[in-house]
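Inspection log for the structure reproduced underneath, given as C-alpha cells.
Nothing in this text is a laboratory measurement; each read-out follows from the coordinates by a stated rule. Note that this is a predicted model, so its numbers are computed, not measured. Counting neighbours? That spans all protein chains shown, and the Cβs are built from the backbone with ideal geometry, glycine included.
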Amino acid sequence: MILPIGPVHPALKEPLRLKLKTRGEKVLEAEIDYGYVHRGIERVMKGKTWQKGIYLSERVCGICSYIHTQTFAETFEKIAGERAPLRAQFLRVLTNELDRIQSHLLANSTYFKILEHETLFMYMLYLREPIMDAIELLTGNRVNMGWNVVGGVKMDANQSHLDSILKIILNLESEFDRYVEMFDHGPMMGLRSHDVGKMTREEAIKARAVGPIGRASGLKHDLREQHHTYQDHFDWKVIWRKDMDNYARTMNRFDEITESIKLIKQVINNLPEGEVRKQIQIPAGYGEWRSEAPRGEVTYMIETNGNLIKNVSIRTPSIMNIDACAKYMLKDVATVADALATYASVDPCIACTERVVIVDETGKGQEYVYPDYNIPYLKDKTDD
C-alpha cells in the first residue's frame, strides 16, 4: 500500500509529499515529491547588482537566512581578493552562532512535537525566544536581518547590546543541561529515538549527507574548520556521533548548541577594535564559497561582470539530507509514526531546496562553459 502524506499535513513544516510504501503499519521504503514552493530565485538574481542579490539571497531560507547573506558576501569578497575587517569577521561569527542556536532549538522542537512530547516542544521554544531577542539586539531584525554587505556588516555592535547578549547566553547555558537530560534520560523519548531511522556512515557518504545529519552518522566534517576566522581566532571542536539514528541527530544538535555558546562567549570577550566595513572594488570574475549553515554545507557559485550578477548557482544542505532520509532512513521503519519522526529528525527545509525545475523530461541538458573561466555547468533550458 502507498500511504501519501502531504503536501499539506500537520506533521510537515513546509509542503512536500511523502509517499510511504507500507505493509500494514511497517514502512518498507519511501519516495519524496518536491515542487510545491518553487520560486526560481536564482533566475531572479541574474542581471541584478550585488546589493539586490544579497537581499534576495536572504530569502532563500526563512529559518537560517543569515548564512546565505554571509556566503553571498564572502563569494564576492573572494572574487575581489579581499576580506572583511577583523571586527566584522568576529561579528559575523557571533551572528552565525546565534542563528545556529535558534535553528537547532527550532529543529528539535519540531522533532519533539512529532513525537507528541508537548512539554519538551514548548521548552525548546521557550529557550529559543531569548536567542531571537539577541539577534534582534545585534542586527535590528529577528529573521531577515539585512546584516551583511560585501566588505563587512552594515553597522557596529553597541557594547550595551553585547552585554545583554552575553547575559542571554549565560542564562541559556545555566538552564540548557536540564532540558537535554529530559530528552537523553526520558524512557519514552529513548524508545522512540534509539535505533530508529538509522543511516550508516557508508550510507551517509553515498548520500552526501552534510551538517548534523552526516556528523550523527560518523562523518567528522564541518566547514567551519576551513573558514579563516574560525581557524585563526577561536577554540572549538567538531561535534559528531556514532549512533546513526534519530537520537544521534537530535543530540548532535544539542551538543552543537553548547559549542556555539562557547564561541559566542569568545567573540564577546575578545572582540577587536576597528572598522566593521570597508569599500571593495569588485572586478569581473567567478567565485565559489562554502559555509556551514545550521543544516550543513551551503555553496554559492557566482559569475559577475563587476557590476551585475551574470550567473549564480546555490546549493543548500537540505537536498542531500532529505534524499538521504528517503533512500536510507525510511527503509524498514517499524511504524508510520516513527517514519514521520525520522523525517523530522533530518530538520528539512523545503523552500531553500526547491530552486531548480527540470522542464526537459528526457534528461538531456545542454552543457555551457563560462566563456572567460573555462568552467562548465549544465545550462537550464529556461535560459533559452
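Tabulated data
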{"read-out": "Helical contribution to [θ] at 222 nm, DSSP H n ≥ 4, -39,500 (n - 2.57), averaged over the chain, rounded to 500", "value": "-14500 deg cm²/dmol"}
{"read-out": "Ratio Rg/Rh [Cα only; Rh per Kirkwood] for segment 215-342", "value": "1.07"}
{"read-out": "Cross-link reach list, lysines versus Lys21, counting only Cα pairs under 16 Å and skipping chain neighbours closer than eight places", "value": "Lys327, Lys331"}
{"read-out": "For segment 173-248 and segment 101-151, distance of Cα centres in Å", "value": "18"}
{"read-out": "3J(HN,Hα) from dihedral phi, segment 32-42, Karplus parametrisation 6.51/-1.76/1.60, rounded to Hz, x for glycine, proline", "value": "10, 9, 9, x, 8, 10, 5, 10, x, 5, 5"}
{"read-out": "If the convex hull is drawn through the Cα atoms of the chain, its volume per residue in Å³", "value": "134"}
{"read-out": "Span-like helix ranges in the chain, DSSP H, alpha carbon extent 20 angstrom or more, Kyte mean at least -1.0", "value": "65-80, 86-114, 118-139, 159-185, 246-269"}
{"read-out": "Fewest-first ranking of Met45, Met1, using other Cβ atoms within 10 Å as the exposure measure", "value": "Met1, Met45"}
{"read-out": "Most to least packed among 305-312, 216-223, 73-80 [average Cβ atoms within 10 Å]", "value": "73-80, 216-223, 305-312"}
{"read-out": "Relative compactness, segment 200-251, computed as alpha-carbon Rg over 2.2 N^0.38 Å", "value": "1.21"}
